[in-house]
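Since the structure comes first, as structure tokens, the remarks are kept for the end.
The values are calculated or read from the model by the stated rules, or taken from the named source; none is laboratory data. Note that the structure is predicted; figures quoted are calculated from it, not measured. Heads up, the Cβs are rebuilt from the backbone with ideal geometry, glycines too, and the neighbour counts pull from every protein chain shown.
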Amino acid sequence: MNQNIPEKWKSLYDAVLEGNAAAATAAVDAAIEANESPQTLVDEYMIPAMDDVGEKFEQNEYFVPELLISARAMKAALTKIQPLLTASGSQPKGRVALGTVKGDLHDIGKNLVAAMLEGGGFEVIDLGVDVDPDKFIDTARASKVDIIAMSALLTTTMPSMKTTIEALKAAGVRDGLKIMIGGAPITQEFADEIGADAYGDNASTAVSIARSLVAS
Amino acid sequence: MPSKPAQIHLHPVAKTVAAAPGTPLADVLFPEGVEFPCGGRGRCRGCRVRVLAGTMEPGEAEQRLLSEKEIADGWRLACRHQVEGNVSLAIAQWESPILADNSTYAFERVEGLGVAVDIGTTTVVAQLVDLRNGSVLAVRAELNRQARHGSDLMSRIGASVTDAGGSALTGAIRRQVARMIGELMRAVVERDLPPVRGVVLVGNTAMHHLFGGLDAEPLSRYPFEPERSDALRWTASELRWTGLPEACPVTFLPCIGGFVGSDVLAGLLAVGFDHRTSPAAFLDLGTNGEIVAGNGDRILCASTAAGPAFEGARISMGMRAATGAITAVHQLNGKWECRVLGGGEARGICGSGLVSAVATGLDLGTILASGRLARGDTWMIQEPVSLHQCDVRELQLAKGAVAAGIELLLSALEIPCSEIETAFLAGAFGNYVSLESALRIGLFPFAGERVTPAGNTALLGAKIALHAPDPVALCNAFRKRITHVSLHADPDFQEAYVSAMRFPDPARVGA
Ligand code: B1M
């Protein structure tokens with residue numbers, strides 16, 4: 001857990017950690033009123049709060065409902081801050097195109113991963129469910145994407161991940177990208193087997209993995 | 001030169017099996033009752049066995065799924081090994097009580113005998129019935145032999161589309177049913193019985209496809225539209241089933257839609273859903289939860305994926321309802337007491353025990369409404385069986401999916417749950433789970449006095465169909481009135497699901 005959150009806007013950190021959207025936006029308003037830098041709010045309060053939410057989730061202290069309400073508080077605060085960040089020319093930590101693979105409609109895990117990645121400072125292009133390999137390719141081509149992230153919950157749709165990776169290769173876009181996969185039936189072994197760059201066990205590690213993928 | 005067969009000693013069943021080196025251990029152990037929940041792909045811990053003598057080197061899957069202590073104690077995953085040399089293995093013996101049906105039912109007297117078979121993903125139950133008086137002459141119940149290729153239906157479908165899996169699965173179940181019918185016939189001592197005039201089979205859509213030898217690939221991915229959902233018909237001679245009159249019709253009843261099969265259709269017939277005019281619901285909870293709700297004019301059905309928690313799988317110390325399983329945890333003066341099947345030492349906890357333990361934990365305050373264990377990450381319920389935080393989470397995933405499915409189906413039907421007059425609970429879990437505990441954890445929103453455990457309704461419905469002049473016509477007329485709803489297409493699912501993951505406050509239980 002983060003011990004050293006500066007006292008100044010700790011109410012923002014607390015509001016995100018506790019999933020209180022109203023308190024989070026109020027804290028953002030107050031901070032902006034006081035001329036605090038939006039980047040500082042994101043980097044020193046909000047991202048650490050989501051990191052701690054992720055840690056609590058990993059430790060099983062938080063579960064899906066808690067994670068979702070924290071993510072909502074984060075999103076509410078971010079919506080307020082985003083225009084200011086954009087105006088100040090601030091860059092996201094990376095851009096991730098995320099989707100549930102072809103044939104599969106399970107999206108709750110994927111939505112949590114999206115929320116955590118956004119909470120961790122990434123820009124997320126959510127491609128939805130039943131995503132065709134071509135859609136991943138088109139997105140990789142059209143937007144400067146750092147990571148392609150795929151989720152699957154059915155053992156029968158796991159092969160779609162392999163098909164997608166092969167399609168990305170065939171389209172000649174694989175090299176500039178990192179590929180991360182996850183979902184309940186996925187293992188590291190499977191990720192290695194199909195040539196993915198990383199496997200995320202849960203929505204929280206997905207963020208630390210994404211960070212290391214863009215750093216490498 | 002074929003090498004000398006190795007001897008595999010099995011404890012505690014005191015049996016020795018010989019097998020050629022290189023044979024997958026799974027092939028040797030499956031016939032002995034060891035199960036392979038993930039289909040033998042090293043993704044679960046279900047097939048663990050303990051090496052008592054001899055060596056089996058632990059591999060990657062064992063490092064991942066077993067603790068250091070377990071590995072040191074000799075635990076291995078059977079699916080990851082081949083026969084090498086002589087070994088002694090301890091295997092857990094499953095003796096799951098499989099639910100058959102002994103209920104009396106209204107019937108039309110028909111000359112002849114009939115065979116009703118309920119092909120469940122997990123179990124297969126067959127009954128030989130005297131159609132002149134509705135009496136059951138013999139019963140056979142076994143685990144589904146296809147389980148060698150995975151315990152849940154998706155693994156089964158996955159196995160059927162790869163390699164020569166499809167024909168292997170079809171062959172396995174057809175042989176099993178044929179053998180069971182043979183045993184039923186031999187079990188009857190009475191002479192001068194009339195011949196068998198029909199065999200009726202029921203099961204979910206995947207079982208329908210796999211028994212019928214149909215291509216199950218369309219069931220493996222969105223939009224999950226079965227190749228065929230109508231009745232499948234053969235004669236005994238076409239299936240090369242001996243012991244039955246050659247022309248004896250063998251009929252797999254039609255599916256309702258999606259994954260919802262003739263087991264549910266038959267179940268609805270069994271509880272008289274086709275004649276009801278007032279609002280009622282029907283639930284069959286297993287790895288998949290089937291939900292039906294109707295108000296007389298309209299009947300909707302859906303299948304919601306629950307996961308294996310209700311069957312005690314994917315729970316740290318989970319097991320089937322066999323000897324040594326904790327089946328209930330009762331509150332006793334601020335403490336608690338466990339009921340262990342067979343009365344001996346506790347070995348694990350089964351699905352109904354898990355629901356009961358969590359319900360009691362909520363009452364005692366050892367589990368909070370959020371599902372968080374109040375003190376630490378484990379709750380020792382009875383040495384050596386403890387409940388872990390992740391087990392409660394697994395139950396929350398399962399019960400939330402059922403509760404959300406019911407909520408969405410009732411709202412599509414525009415019936416508040418307070419208006420449901422009767423909710424029938426079909427299947428083994430529904431029969432064994434304590435109603436009070438199920439209500440306490442918020443598994444369904446109905447008032448307790450309106451919930452009726454209904455037993456193995458699939459089998460009963462199959463028997464009712466055997467009495468009908470034309471079982472298929474009976475089913476087809478009824479199934480036209482039922483609409484299948486796909487929950488995965490419902491945008492409100494996530495919201496409903498996430499709020500249903502919490503446990504209700506005590507004041508609201510059963511309200
Ligand atoms: C890119 O990097 C990353 C990194 C990490 C990533 C990642 C990506 N993606 C996920 N993660 C990770 O982060 C998340 C948070 O930590 C985690 O995500 P998860 O998604 O694992 O976890 C979520 C937060 C919560 N978990 C879930 O949301 C899944 C829970 C269970 C109960 C489940 C649900 C809820 C549903 N289901 Co479905 N469902 C089951 C599930 C059984 C279970 N108990 O787990 C499962 C997955 N379903 C199954 C099945 C069979 C089906 N389901 C179906 C339908 C549904 C519902 C609609 C009812 C609903 C989905 C609603 C929705 N919009 O998503 C059907 C198919 C739908 C489809 N077209 O895909 C249907 C075919 C059943 C049917 N009868 O229709 C089973 C699959 C079995 C198998 N061997 O493949 C199943 C295991 C249940 C079972 N029967 O055993 C991590 O995995």
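Considering only residues of the range B:286-317 that are small (Gly, Ala, Ser) and touching a Pro at 6+ places or on another chain (Cβ under 9 Å), which is farthest from the ligand (Cβ to nearest atom)? Steps first, answer last, please.
Our first condition is that a residue be small (Gly, Ala, Ser); within the range B:286-317, this holds for B:286, B:289, B:293-294, B:296, B:302-303, B:305-307, B:309, B:312-313, B:316.
Narrowing the set further to residues that are touching a Pro at 6+ places or on another chain (Cβ under 9 Å) leaves B:286, B:293-294, B:296, B:313.
Numbers: B:Gly286: 9, B:Ala293: 16, B:Gly294: 19, B:Gly296: 26, B:Ala313: 9 Å.
Residue satisfying both the conditions and the ranking: B:Gly296.
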Among the residues of the range A:197-216 satisfying the criterion of being within 9 Å of the ligand (Cβ to nearest atom) and more than 14 Å from chain B (Cβ to nearest Cβ), which is surrounded by the most Cβ atoms within 10 Å (Cβ to Cβ)? A:Ala206
Kindly indicate whether B:Gly258 is crowded, with 21+ Cβ neighbours inside 10 Å, within 16 Å of the ligand (Cβ to nearest atom), more than 17 Å from the chain's Cα centre (by Cα) and not hydrophobic (A, V, I, L, M, F, W, C). yes
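For the range B:219-228, give me each residue that is buried (at least 17 other Cβ atoms within 10 Å of the Cβ) and more than 11 Å from the ligand (Cβ to nearest atom). Full working, then the answer.
Filtering the range B:219-228 down to residues buried (at least 17 other Cβ atoms within 10 Å of the Cβ) leaves B:219-222, B:224, B:226.
Result: B:Pro226, single match.
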The condition of being more than 16 Å from the ligand (Cβ to nearest atom), away from chain A (no Cβ under 14 Å), of a type outside the set (Val, Ile, Thr) and crowded, with 23+ Cβ neighbours inside 10 Å holds, among B:Leu193, B:Leu201, only for B:Leu201
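Looking at B:Leu395, B:Leu443, B:Leu387 in this structure, which one is closer than 24 Å to B:Leu368 by Cα and part of a strand (DSSP E or B)? It would help to see each step written out before you state the result.
On the way: B:Leu395 fails: part of a strand (DSSP E or B); B:Leu443 fails: part of a strand (DSSP E or B).
None of the others qualify; the one that does is B:Leu387.
Quick one: is A:Gly182 in contact with a Phe, Trp or Tyr (Cβ under 8 Å, 6 or more places away or on another chain) and surrounded by 22 or more Cβ atoms within 10 Å (Cβ to Cβ)?
Numbers: in contact with a Phe, Trp or Tyr (Cβ under 8 Å, 6 or more places away or on another chain): yes; surrounded by 22 or more Cβ atoms within 10 Å (Cβ to Cβ): yes.
Answer is yes for this residue.
Mind counting the residues in the range B:475-487 that are in contact (Cβ under 8 Å) with a residue 12 or more places away in the chain, in a helix (DSSP H, G or I) and surrounded by fewer than 20 Cβ atoms within 10 Å (Cβ to Cβ)? Working first, answer last.
To start, the set of residues in the range B:475-487 that are in contact (Cβ under 8 Å) with a residue 12 or more places away in the chain comprises B:475-476, B:478-479, B:481-487.
In the following step, the residues that additionally are in a helix (DSSP H, G or I) were identified as B:475-476, B:478-479, B:487.
Narrowing the set further to residues that are surrounded by fewer than 20 Cβ atoms within 10 Å (Cβ to Cβ) leaves B:476, B:478.
Residues in the range B:475-487 being in contact (Cβ under 8 Å) with a residue 12 or more places away in the chain, in a helix (DSSP H, G or I) and surrounded by fewer than 20 Cβ atoms within 10 Å (Cβ to Cβ): 2 in total.
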Would you point out the residue of the range A:149-173, among those that are crowded, with 19+ Cβ neighbours inside 10 Å and closer than 18 Å to A:Val214 by Cα, that is nearest to the other protein chains (Cβ to nearest Cβ)? A:Met150
Can you say whether B:Gly165 is within 14 Å of chain A (Cβ to nearest Cβ) and more than 20 Å from B:Ala458 (Cα to Cα), as far as the supplied structure shows? yes
Among the residues of the range A:83-127, write down those that are near the ligand (Cβ under 9 Å from one of its atoms), acidic (Asp, Glu) and under 15 Å from A:Met50 (Cβ atoms). none
Whichever residue in the range B:488-511 is more than 16 Å from the ligand (Cβ to nearest atom) and part of a loop (DSSP other than H, G, I, E, B) and, among such residues, is modelled with the lowest pLDDT: B:Ala511
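Residues to consider are B:Leu219, B:Leu210, B:Leu232, B:Leu239; find the one that is over 17 Å from B:Gly158 (Cβ atoms) and touching a residue at least 60 places away in the same chain (Cβ under 8 Å). Break it down stepwise before answering.
On the way: B:Leu219 fails: over 17 Å from B:Gly158 (Cβ atoms); B:Leu210 fails: over 17 Å from B:Gly158 (Cβ atoms); B:Leu232 fails: touching a residue at least 60 places away in the same chain (Cβ under 8 Å).
Exactly one residue qualifies, and that residue is B:Leu239.
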Would you check if B:Leu341 is in contact (Cβ under 8 Å) with a residue 24 or more places away in the chain, farther than 30 Å from B:Pro491 by Cβ and not β-branched (Val, Ile, Thr)? no
Positions within the range B:1-38 being in contact with a strand residue (DSSP E or B) (Cβ under 8 Å, 6 or more places away or on another chain), part of a loop (DSSP other than H, G, I, E, B) and aliphatic (A, V, I, L, M), in sequence order: B:Ala20, B:Val34
Please go through the range A:138-155 and give me each residue that is out of contact with any Leu (no Cβ under 8 Å at 6 or more places or on another chain), more than 6 Å from the ligand (Cβ to nearest atom) and of a type in the set (S, T, N, Q), ordered by number. A:Ser143
Unmet criterion (only one of (1) away from the ligand (no atom under 16 Å from the Cβ); (2) surrounded by 17 or more Cβ atoms within 10 Å (Cβ to Cβ)) for B:Val358: (1)
Unique residue being part of a loop (DSSP other than H, G, I, E, B) and closer than 27 Å to B:Gly22 by Cα when the list is B:Arg50, B:Arg41, B:Arg132: B:Arg41
Could you count how many residues in the range A:159-195 are more than 8 Å from the ligand (Cβ to nearest atom) and touching a residue at least 40 places away in the same chain (Cβ under 8 Å)? 4
Those residues of the range A:172-183 which are of a type outside the set (Val, Ile, Thr), part of a loop (DSSP other than H, G, I, E, B) and in contact with a helix residue (DSSP H, G or I) (Cβ under 7 Å, 6 or more places away or on another chain) amount to A:Arg174, A:Leu177, A:Gly183
Inside the range B:356-383, can you point out the residues that are touching a residue at least 60 places away in the same chain (Cβ under 8 Å) and either away from every other protein chain (no Cβ under 14 Å) or polar (S, T, N, Q) (or both)? B:Ser356, B:Ala359, B:Thr360, B:Leu362, B:Asp363, B:Ser370
Residues satisfying the stated conditions in the range A:127-148, i.e. within 14 Å of chain B (Cβ to nearest Cβ) and over 20 Å from the mean Cα position of the chain (by Cα): A:Asp132, A:Pro133
Any residue in the range B:145-166 that is at negative phi, more than 16 Å from the ligand (Cβ to nearest atom) and at pLDDT below 90? yes
Considering every residue within the range B:378-392, establish whether at least one is in contact with a helix residue (DSSP H, G or I) (Cβ under 8 Å, 6 or more places away or on another chain) and of a type in the set (Gly, Ala, Ser). no
Report every pair of residues separated by at least 6 positions or lying on different chains whose Cβ atoms are under 8 Å apart, first residue within the range A:84-113 and more than 23 Å from A:Val64 (Cβ to Cβ), second of a type in the set (D, E, K, R) and within 11 Å of the ligand (Cβ to nearest atom). A:Lys102/A:Asp130; A:Lys102/B:Arg221; A:Gly103/A:Asp130; A:Gly103/B:Arg221
Go through the range B:72-105 and count every residue that is surrounded by fewer than 14 Cβ atoms within 10 Å (Cβ to Cβ) and either modelled with pLDDT of 90 or more or more than 27 Å from the chain's Cα centre (by Cα) (or both). 3
